[in-house]
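Participant: Pasting in a structure now, in structure tokens, and then I'll have a few things to ask.
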Amino acid sequence: MARQDSPRGYMVPTKQVRISDLTARKASGEKWAMLTAYDYSTAAAFAEAGVECLLVGDSAANVVFGYDQTQQVSLEEMIFLAAGVVRGAGNALVIADLPFGTYEASDEQCVKSAAEMMRRSGAAMIKIEGGRRMAPRIKALTEAGIPVCAHIGFTPQSVNQLSGFKVQGRGDSAAQLLDDMAAVTEAGAEMVVLEMVPADVAKQATEQFPIPTIGIGAGPDTDAQVLVWHDMVALPEHGHRPKFAKQWAQVGASLTDAAASYKREVAEGTFPAEEHCF
Ligand code: KIV
């Protein structure tokens, strides 16, 4: 994949990143990064950093809309967010989640929702949650010409069925995880997110199957990593931080401080100053 320096000195792809580019990197062992994005401006910032892939995750339910549960976000809300991300994404590959309740009922419902998402947002790939039980949906999407990223291990849309946020694939259930991996690969998924899976099981899944694995709480040996961007920059300042996320900046604190400085200067009458006036 050809890359060049961005204005800020980061190596960015010079051409649109394709699924095949990321698949090829499995063979070369060159790891790549995915971040969630939910709007034009953050998509543009992450693309300028050279992040290869942006995910319009249904984590938007929590971090954008403030819903209590992932399951509350609608297809319509996701499509509006994804369209903004695609406009800001530069050469990054954009993947969009199908939200809860828009694909589980039948292959027809799944293909209709995915086509609606792709047509109206311009996203290049669709992500759905579930392993073997979702293999028919993955096959139906693939046959309809829609590229699929699967999502196995901990699947947030099934949090109630899984009795909370728990690591999946530990001990005896490693076999189940690897069976899900086999099922989504056979059904035609071209990549797979492994969420909250023991590192050794994620390593085995990565080595045993030909499609790229993207880890979140799945250790260092997956082909790629993904994080919800709010988790990697501590936004909000006092929010919950998953164990698997590292913070590279304190954006929540900076944002609050900037807003407080603005408010103070407005109250003092020192903003706007002469240089801000026409
Ligand atoms: O919705 C989301 O942000 C996701 C990631 C956590 C992988 O699915």
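Participant: If you take the square roots of the eigenvalues of the alpha-carbon gyration tensor of the range 1-64 and sort them as a ≥ b ≥ c, do you get rounded (a/c under 1.5), prolate (a/b over b/c) or oblate?
Facilitator: Working: a/c = 2.61, a/b = 1.37, b/c = 1.91.
Note, shape of the range 1-64 comes out oblate.
Participant: Something else now. Given points 7 Å out from each Cα along the Cα-Cβ axis, report the T142 to R87 separation in nanometres with one decimal.
Facilitator: In this crude spin-label approximation the distance works out to 3.5 nm.
Participant: What order do you get for 25-33, 213-221 when each peptide is scored by the mean count of other beta carbon atoms within 10 Å, highest first? Intermediate values should be presented prior to the final figure.
Facilitator: Details: 25-33: 13.8, 213-221: 22.4.
Ranked from most to least packed, the peptides come out as 213-221, 25-33.
Participant: Please find the FRET efficiency linking K31 to Q176, where r is the Cβ-Cβ separation and R0 is fixed at 30 Å, and quote it to the nearest 0.05.
Facilitator: Working: r = 26 Å, r/R0 = 0.88.
For K31 and Q176, the calculated efficiency is 0.70.
Participant: Between beta-carbons, use under 14 Å as the cut-off and find the net charge around S113, counting Lys and Arg +1, Asp and Glu -1.
Facilitator: Numbers: positive: K112, R119, R120, K127, R137; negative: D58, E76, E77, D97, E104, D107, E108, E116, E129.
Surrounding charge for S113 is -4.
Participant: Among 108-114, 82-88, 169-175, what's the highest-first ranking by average C-beta atoms within 10 angstrom per residue?
Facilitator: Details: 108-114: 19.0, 82-88: 21.3, 169-175: 13.9.
Packing order, densest peptide first, comes out as 82-88, 108-114, 169-175.
Participant: Kyte-Doolittle mean at least 0.5 and Cα extent at least 18 Å along the axis: which DSSP H helices of the chain qualify? Don't jump to the answer; show the numbers that get you there.
Facilitator: On the way: long enough: 75-88 (20 Å, 1.18); 107-121 (21 Å, -0.96); 174-187 (20 Å, 0.57); 251-268 (25 Å, -0.09).
For the chain, where a helix must reach 18 Å along its axis and average at least 0.5, the hits are 75-88, 174-187.
Participant: In nm, to one decimal, how far is the E116 label point from the D68 one, both placed 7 Å along Cα→Cβ?
Facilitator: It works out to 2.6 nm between the two label points.
Participant: At what distance in nm do the modelled label points of S158 and L255 sit from each other, each positioned 7 Å from its Cα along Cα→Cβ?
Facilitator: 3.2 nm
Participant: On full extension of the chain, what length is gained from A49 through H276, given 0.36 nm per residue of separation minus the C-alpha to C-alpha distance?
Facilitator: Details: separation 227, 0.36 × 227 = 81.72 nm, distance 3.01 nm.
Going from the current span to full extension adds 78.7 nm.
Participant: Across the chain, how many lysine pairs separated by 8 or more positions, or lying on different chains, have Cα atoms within less than 26 Å?
Facilitator: Qualifying lysine pairs in the chain: 24.
Participant: Here is a further query. Sorted by packing (mean other beta-carbon atoms within 10 Å per residue), highest first, where do 126-132, 18-24 land? Before the final figure, lay out the partial values.
Facilitator: Values: 126-132: 22.6, 18-24: 15.9.
Highest to lowest by the protection proxy: 126-132, 18-24.
Participant: From the square roots a ≥ b ≥ c of the eigenvalues of the alpha-carbon gyration tensor of the range 19-247, which class results: rounded (a/c under 1.5), prolate (a/b over b/c), or oblate? Mind showing how you got there, number by number?
Facilitator: Details: a/c = 1.21, a/b = 1.10, b/c = 1.10.
Verdict is rounded for the range 19-247.
Participant: Moving to a separate point now. Find the centroid of the Cα atoms in the range 212-278 and in the range 16-56, then give the distance between the two in whole Å.
Facilitator: Spelled out, the Cα-based centre of one part sits 20 Å from the other.
Each value in this text was obtained by applying a stated rule to the coordinates, not by laboratory testing. Here the structure is a predicted model, which is why all the values come from computation and not from measurement. A quick note on method: Cβ atoms are made from the backbone with ideal geometry, for glycine too, and the neighbour counts reach across all protein chains shown.
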